[in-house]
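A.B. asks: Quick one: structure below, then a few questions.
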Amino acid sequence: MIKLIGVLIIATGFTLRVNTLLVVLAAGLATGFAAGFSWTEIMAMVGKYFVDNRAMTLPIVLMLPVVGLLERHGLKERAEVLIRRSKAATAGRVVLLYTAVRQVSVSLGVNIGGHPSAVRPLVAPMAEAAARAQHGELPAKSVVQIRAHAAAGENVGNFFGEDIFIAVGAILLMKGFFDAQGLTVSVWAMALWGIPTAIIAFTAMIWRCRVLDRRIARDVAASGPGKAEGVR
Amino acid sequence: MKLITVEACYAVVGVYLFVVAARIAGEAWHPRRWGSALFWALLAVTFAGAKWIPPVVVGYLVVTMVVLAATGHVAPGATSKATREERERDAERLQNRIFWPALLIPATAVIGTLVLGKLHVGDVWLVEAKQVTLISLGLGALIALAAALRTTGASVETAAGEGSRLLQTLGWSLILPQMLAALGGIFAKSGVGEIVAGLVAQAVPTQVPWVAVMAYCGGMALFTMVMGNAFAAFAVITGGIGLPFIVNLHGGNPAIMAAIGMLSGYCGTLLTPMAANFNLVPAMLLELADKNAVIKAQVPLALVIFAGNVALMIFCVYRF
C-alpha cells in the first residue's frame, strides 16, 4: 500500500497547485524509494523514460516556428474571413466537422491533425469566428468553452478512431500481450470491436457540440458583448 | 541502413532548442535571462545528446530543469507580436495562399505514412519504417516551414523568433508530458498497478459476470487516470482482472474485452491531468487561463462513452 504514496502526492500537489513538475518529481522519488530503489536507480529511470518519451514533445517544438510564422502573417484572420462567408457555420459544427475528419482519417491509418498543428492555428480560430459571425463579440466564458471543445474534438477523434486501424500501437500492444499469455486473438476482431465505441463517441460529440452552440447563445444573451478576460 | 532516423529528428529539435537558448542568453532585457537560457539549453542536450549521455546523467539534468522551473527561473521574455492590423493586412495580401504551408503538414503525413516507409535501394532505406509516422511529421514541419518562408517572404530569423516566443509561452509545461511518462514508468516498475488491480479485484464480487465487466472497465479508466496512459494500464488491469475473471472464469471473448477495455481506458485519459500532452498542453497552447478547461469540457463525453463501453461489453463479451 505504501507504494501508492505517489498517487497521494500527485492528488495533493495538484489540488494545492504546487508547481506541477515538482509534484511529479516528488511523486516519482517517493514511489521509487517506497519500492526500494536507490537514488541513483531512480535518477536512471527518470533519465531513461524522459528520453524514451521525447516523441511527445517533438511535434510541438517542430510545429511552433511554422505556426508562429503563419499566425504572424494572418493565418487566423484569414480563417475567420473564410468562415464568416459560410452561413451554416457555428462553433459546434466547426468542431464537429473537424472531429469527423480526424476520426475517419485516423481510422484509416493517417495521422493528420494535432493540437499544435491544427487545433491552435485553424480549428479553434475558425470555431470562434463562426460564433462571432453569428453572435457578434463573445463573452470570455464562451471563448474558453469554444477553445476547450476544439481540443476535446481533437482528442475524441484521435482516441476513438485509432483503434479501428490494425497497424496502430494500441492493437499491436494488445496482440503482443495476448501472444505473451499464449492466447491467439485476431487483430481484425479487436479492430472490428472498436467500431461500436467509435460510433458512440462521435454521437456523444454531436450532443456536446449542440450543447456548446446553445450555451454560447445563452451566454451571449445573458452577458451582452464583453471583453475576453479568461484568456491570455 | 536508414538515411533518415528518428534520432535525426530529435537532433533537429535539439539544435533548434539550442538556438532558442542562445537567443535568450543574448537578450539583456529578458526578465529571467540565465535561468531560462539554461533550461532550454539543458532540454536541448537531452534531445540531441541522449544517445551518448548515460540515463542517470539525463536524470540529473531533468532534476535541474525541474528546480529551475519550480523556483521561478523559467519565464517568457518580452513579446513583440505583430498587431492585429498588420496581421489583417497580411491576410488580405496573401489570401488563401497562407493555408498552403499549413496543409502541407497533413499532406506530408499522408504521403509519408503511405510511401516513405517502403522506399529503399537494396539495403539502404530512406526512413526507419517503424518510426515513419513521427519522421513524416518532422519532415512535414520542415517542408511547411520552407513553404511558409517562401509564401510570407519572412526571414528565417523571424520564424525562429516566433517559434521561440510560442515555446516560451508554453514554458516548462512543455516537458510535463515527458515527466509524467517518467512517473508512469516508475509506477510500473514499482508495482503500483498490481496493487490497484488487487484492490479492485478484492473490493468487488467479480464472480458475477457483469460485475467483472464493470470492475475491468472501471479499473482500466481509473488506472489510466493514475498513470496518464491507457497502454500502461492495459497489461496490468487485463492481467489482474480481465483475463482471470472475464476470460478464464466466465468464458468471455478476449478480443471484445481487449478492444472495449482499451477504449474504456481512453475515457480515463480524457479525465486526467496526468495525460498532460492531451489535456494540459492544449490548454496552454490555446492560451486558456484555466489549465483544466479541456478536461472540464471532456467530462460529459468521457462519462457517456464510458457508460456506453460498459453496456456494450456486458451485452457482447459473453455472447460472441
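The values are calculated or read from the model by the stated rules, or taken from the named source; none is laboratory data. For clarity, every value in this text was computed on a predicted model and none was experimentally measured. Don't worry about glycine lacking a Cβ; one is built from the backbone with ideal geometry, like all the others, and counts go over all protein chains shown. Each accessible area value is taken on the protein alone, full model and side chains, heavy atoms only, with ligands, DNA and RNA left out. Shrake-Rupley method; radii C 1.70, N 1.55, O 1.52, S 1.80 Å.
A.B. asks: B:L43: on the phi < 0 side of the Ramachandran plot and either open to solvent by 20 Å² or more (accessible area, probe 1.4 Å) or modelled with pLDDT under 95 (or both), yes or no?
C.D. replies: Here the answer is no, as B:L43 does not meet what is asked.
A.B. asks: Of the residues that sit in region B:150-160 and are in a helix (DSSP H, G or I), within 7 Å of chain A (Cβ to nearest Cβ) and of a type in the set (A, V, I, L, M, F, W, C), which one is farthest from B:A22 (Cα to Cα)?
C.D. replies: If we take residues in region B:150-160 being in a helix (DSSP H, G or I), within 7 Å of chain A (Cβ to nearest Cβ) and of a type in the set (A, V, I, L, M, F, W, C), then B:A159 is farthest from B:A22 (Cα to Cα).
A.B. asks: I would also like to ask the following. Under the condition of being of a type in the set (V, I, T) and either open to solvent by less than 30 Å² (accessible area, probe 1.4 Å) or part of a loop (DSSP other than H, G, I, E, B) (or both), which residue from region A:196-219 is nearest to A:R132 (Cα to Cα)?
C.D. replies: A:I216
A.B. asks: Report whether or not B:K51 is farther than 18 Å from B:L170 by Cβ, modelled with pLDDT under 95 and open to solvent by 50 Å² or more (accessible area, probe 1.4 Å).
C.D. replies: yes
A.B. asks: Of all the residues that make up region A:150-166, how many are modelled with pLDDT of 95 or more and aliphatic (A, V, I, L, M)?
C.D. replies: Result for region A:150-166: 4.
A.B. asks: Report, by residue number, each residue of region B:255-280 that is more than 19 Å from B:A311 (Cβ to Cβ), within 7 Å of chain A (Cβ to nearest Cβ) and in a helix (DSSP H, G or I).
C.D. replies: B:T269, B:N277, B:F278
A.B. asks: Turning to a different aspect of this structure: Against the condition open to solvent by 80 Å² or more (accessible area, probe 1.4 Å), farther than 30 Å from B:L42 by Cβ, more than 10 Å from chain A (Cβ to nearest Cβ) and under 27 Å from the mean Cα position of the chain (by Cα), how does B:K118 come out, does it pass?
C.D. replies: So B:K118 passes the test.
A.B. asks: With the requirement that a residue be surrounded by 19 or more Cβ atoms within 10 Å (Cβ to Cβ) and either facing another protein chain (nearest Cβ under 7 Å) or over 17 Å from B:M313 (Cα atoms) (or both), what does region A:183-195 give you?
C.D. replies: A:V185, A:M190, A:W193, A:G194 - these are the residues of region A:183-195 that are surrounded by 19 or more Cβ atoms within 10 Å (Cβ to Cβ) and either facing another protein chain (nearest Cβ under 7 Å) or over 17 Å from B:M313 (Cα atoms) (or both).
A.B. asks: Can I ask one more? One residue is enough: does region B:65-85 have a residue meeting the conditions modelled with pLDDT under 85, under 22 Å from the mean Cα position of the chain (by Cα) and within 7 Å of chain A (Cβ to nearest Cβ)?
C.D. replies: no
A.B. asks: Quick one: which residue in A:V23, A:V7 is out of contact with any strand residue (DSSP E or B) (no Cβ under 6 Å at 6 or more places or on another chain), assigned to a helix (DSSP H, G or I), facing chain B (nearest Cβ under 7 Å) and modelled with pLDDT under 95? Give the steps one after another, and end with the answer.
C.D. replies: Values: A:V23 fails: facing chain B (nearest Cβ under 7 Å).
It is A:V7.
A.B. asks: Restricting to region B:161-199, give me the number of residues that are assigned to a helix (DSSP H, G or I), touching a Lys or Arg at 6+ places or on another chain (Cβ under 7 Å) and over 16 Å from A:T57 (Cα atoms).
C.D. replies: Of the residues in that region, 4 qualify.
A.B. asks: Within region A:26-52, work out how many residues are outside any helix (DSSP H, G or I) and either within 18 Å of B:T64 (Cβ to Cβ) or more than 7 Å from every other protein chain (Cβ to nearest Cβ) (or both).
C.D. replies: Start the filter on region A:26-52 by keeping residues that are outside any helix (DSSP H, G or I), which leaves A:35-38.
Cutting the leftovers down to either within 18 Å of B:T64 (Cβ to Cβ) or more than 7 Å from every other protein chain (Cβ to nearest Cβ) (or both) gives us A:36-38.
Looking only at that region, the number is 3.
A.B. asks: Another question, then. How many residues does region A:110-121 contain that are part of a helix (DSSP H, G or I) and either more than 7 Å from every other protein chain (Cβ to nearest Cβ) or open to solvent by 10 Å² or more (accessible area, probe 1.4 Å) (or both)? Talk me through it step by step, then tell me what you get.
C.D. replies: Pass one, region A:110-121, residues part of a helix (DSSP H, G or I): A:115-121.
Of the ones still in play, those that are also either more than 7 Å from every other protein chain (Cβ to nearest Cβ) or open to solvent by 10 Å² or more (accessible area, probe 1.4 Å) (or both) are A:115-118, A:120.
Count: 5.
A.B. asks: Also: Scan (1) more than 9 Å from every other protein chain (Cβ to nearest Cβ); (2) surrounded by fewer than 18 Cβ atoms within 10 Å (Cβ to Cβ); (3) in a helix (DSSP H, G or I) for the single condition B:G14 breaks and write down its number.
C.D. replies: Going through (1) more than 9 Å from every other protein chain (Cβ to nearest Cβ); (2) surrounded by fewer than 18 Cβ atoms within 10 Å (Cβ to Cβ); (3) in a helix (DSSP H, G or I) one by one, B:G14 breaks only (2).
For (1) modelled with pLDDT of 90 or more; (2) of a type outside the set (D, E, K, R); (3) open to solvent by less than 20 Å² (accessible area, probe 1.4 Å), each residue gets a yes or a no:
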{"residue": "A:L108", "(1), (2), (3)": "no, yes, no"}
{"residue": "A:V123", "(1), (2), (3)": "yes, yes, yes"}
{"residue": "A:A130", "(1), (2), (3)": "yes, yes, yes"}
{"residue": "A:G136", "(1), (2), (3)": "no, yes, no"}
{"residue": "A:K141", "(1), (2), (3)": "yes, no, no"}
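A.B. asks: Could I ask something else about it? Taking A:L62, is it among the hydrophobic types (A, V, I, L, M, F, W, C) and either more than 7 Å from every other protein chain (Cβ to nearest Cβ) or open to solvent by less than 10 Å² (accessible area, probe 1.4 Å) (or both)? Steps first, answer last, please.
C.D. replies: On the way: among the hydrophobic types (A, V, I, L, M, F, W, C): yes; either more than 7 Å from every other protein chain (Cβ to nearest Cβ) or open to solvent by less than 10 Å² (accessible area, probe 1.4 Å) (or both): no.
Taking the combined requirement at face value, the residue does not satisfy it.
A.B. asks: Also, I was wondering about something else. Criterion first (open to solvent by less than 20 Å² (accessible area, probe 1.4 Å) and in contact (Cβ under 8 Å) with a residue 12 or more places away in the chain) does B:G112 satisfy it?
C.D. replies: Yes.
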